[in-house]
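Q: Structure incoming, see below.
The values are calculated or read from the model by the stated rules, or taken from the named source; none is laboratory data. No experiment lies behind these values; they were computed from the predicted model shown. Glycine also receives a Cβ, built like all others from the backbone with ideal geometry; neighbour counts cover every protein chain displayed. Heads up: the accessible areas ignore ligands, DNA and RNA and are worked out on the full protein's heavy atoms, side chains in. Shrake-Rupley method; radii C 1.70, N 1.55, O 1.52, S 1.80 Å.
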Amino acid sequence: MERPKIWIHLDGRKVVKDHKVDAYTFGKLLIQIQKQINIIAEAQYGKTIKPKFKLFLAEIQEGSVDAVLEFAGGTLPEFQHRVVETHYQVYDAIQKEDEKTLDETIIGSLKDPLYGYRLLASIEDITPSSEDYLIGLSKDSPEKRAVLKSKQRDFVKKMKTKYQQQATVEFIGIITDLHGKDPRYFIIDTTTGERIKVYIRPELEPQIKEYYKAVPVKVTGLMAKKAKSREIRELKGLSKQEEVPLDRIGKFRLKQPVLVELGYDMEDNLWILRNEQLAIEGYGKTYQEAMKDLEDSLEGLIIGFLAFKDEDLAESARKIKKELSKYLNLNDLSHKYKPVVIKPLPVKEE
């Protein structure tokens, strides 16, 4: 099987003039096309096979600028044909601004929104920003080109944003491990019980060290959903998470969300959940254990309130009960706990 070729065409007074081509535009175009081929190859066949898809500038034809890119040697021409076909289909769908076809191509061939985002980010980088020039791309022969002009730029940006949103995830957790050598990353133990690897840039290390096993954090980033291990490949946001809204506490569904303070005891490696207004708190080696302890604390509070009449409660307890009534209807729970109303013991007068 012959190896596939990629034909690229560059035209327009802004970049081609007097039989010369703007070196920056042409060079960036070549770099980004190689990057796009790498992204598709990795999505379809994995990182280990990616070096088989290295491109070479084979020849420059007569015309504005018509160049031919060929693949290096190897034994995988059928895989290279598939990658080139996907690459062309993406460009063709962009030329037609056909969202449905682009979705079908990216999800069908790349399987993962993160790869779609990375591919479109690269294509956006070379999509003409003005009407002074255009870029054409074809596979195997130059007869049928997919052409990118400035009018496609908004469509590419819209689709890139769409896939970015699909690939974006958020986690709350504790940073428990930090790897300071390239590739740099940290491990976050999340409130969902997962351990997620998060890759970081070197300049973020001081902030990571400040948060390490000290405070709960919220991590926002782009995750490859088809990877064997859960990894955030691109970190978008990192901040302290000092409270969380809960619409239920264990088996107790709340009438409205309640804010619960979120903390971490580094000395004893304990998660801490606390709400001072409701006088409830929970501790645990994991977030789930702390949540169960918080549920037990709330249950004890409910049983205590059902055991006493309001007039027999201290003023501070009545305030807590009033606050609790914003979130739970104690009358609805009385049948479940069948409370025994306790009367205060009489006090002997001396």
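Q: Return the subset of Lys255/Lys319; Lys151/Lys218; Lys54/Lys151 for which the Cα-Cα distance in this structure is over 27 Å, preserving the input order.
A: Lys151/Lys218; Lys54/Lys151
Q: Report, in deg cm²/dmol and to the nearest 500, the calculated mean residue ellipticity at 222 nm for the chain, where each DSSP H run with n ≥ 4 adds -39500 (n - 2.57) and the sum is divided by the residue count.
A: Counting only the DSSP helices, I get -12000 deg cm²/dmol.
Q: Moving to a separate point now. Give the ranking of Thr48, Thr191, Thr86 by solvent-accessible surface, highest area first, calculated with a 1.4 Å probe.
A: Largest accessible area first, the residues go Thr48, Thr191, Thr86.
Q: Follow-up question, since we're still on this one. How large, in percent, is the carbon and sulfur part of the accessible surface of the chain at a probe radius of 1.4 Å?
A: 50 percent
Q: Just how large is the dipole of the range 79-137 about the Cα centre, in debye to the nearest 20, putting +1 at every Lys and Arg Cβ and -1 at every Asp and Glu Cβ?
A: Approximately 320 debye in magnitude.
Q: Which of Ala314, Ala167, Ala23 moves the most in a Gaussian network model of the chain with Cα springs under 10 Å?
A: Of the options given, Ala314 has the highest mean-square fluctuation.
Q: Scale the Cα Rg of the chain by the rule-of-thumb value 2.2 N^0.38 Å and send over the ratio, two decimals.
A: 1.48
Q: May I pose another question? Setting aside same-chain residues fewer than 8 positions from Lys209, which aspartates and glutamates have a Cα under 18 Å from its Cα?
A: Partners within reach: Asp177, Asp182, Asp189, Glu242, Asp265, Glu267.
Q: Something else about it: Evaluated at 37 °C with a viscosity of 0.692 mPa s, what Stokes-Einstein diffusion coefficient in µm²/s does the range 147-214 have when Rh comes from the Kirkwood expression over alpha-carbon pairs?
A: Result for D is 227 µm²/s.
Q: Keeping all protein chains in position, work out how much accessible area Lys17 exposes to a 1.4 Å probe, and write it in Å² to the nearest 10.
A: Surface accessible to solvent at Lys17 totals approximately 140 Å².
Q: Between the range 1-37 and the range 172-195, what is the separation of their alpha carbon centroids in Å?
A: For the range 1-37 versus the range 172-195, the Cα centre distance is 41 Å.
Q: Treating only the Cβ atoms of Lys and Arg (+1) and Asp and Glu (-1) as charged, compute the dipole magnitude of the range 168-240 about its Cα centre; round to the nearest 20 debye.
A: Once rounded to the nearest 20, the dipole reads 220 debye.
Q: Among Leu55, Leu328, Leu137, which one moves the most in a GNM of the chain with springs linking Cα atoms closer than 10 Å?
A: In this elastic network of the chain, the residue with the biggest mean-square fluctuation among Leu55, Leu328, Leu137 is Leu328.
Q: Report, in order of residue number, the helices in the chain meeting two criteria: a C-alpha extent of 18 Å or more along the helix axis, and a mean Kyte-Doolittle hydropathy of at least 0.0; treat each whole DSSP H run as one helix.
A: 23-45, 113-126, 287-306
Q: For the chain, set up a GNM with springs between Cα atoms under 10 Å and report which of Glu242, Glu104, Glu143 has the largest fluctuation.
A: Glu143
Q: In percent, what relative contact order does the chain have, based on Cα pairs under 8 Å that are 6 or more apart in sequence?
A: Computed over the chain, the figure is 11 percent.
Q: What is the dipole size for the chain, taken about its Cα centre, with +1 at each Lys and Arg Cβ and -1 at each Asp and Glu Cβ, in debye to the nearest 20?
A: Magnitude of the dipole: close to 660 debye.
Q: Further, regarding this structure: Before anything else, pin down the relative contact order of the range 1-70: Cα pairs under 8 Å, at least 6 apart, normalised by residue count, whole percent.
A: Across the range 1-70, relative contact order equals 46 percent.
Q: Follow-up question, since we're still on this one. Taking only protein heavy atoms into account and a 1.4 Å probe, give the accessible area per residue of the range 270-329 in Å².
A: Per-residue value: 52 Å².
Q: Can you check what the Kirkwood hydrodynamic radius comes to for the range 189-320, Cα pairs only, in Å to one decimal?
A: 17.0 Å
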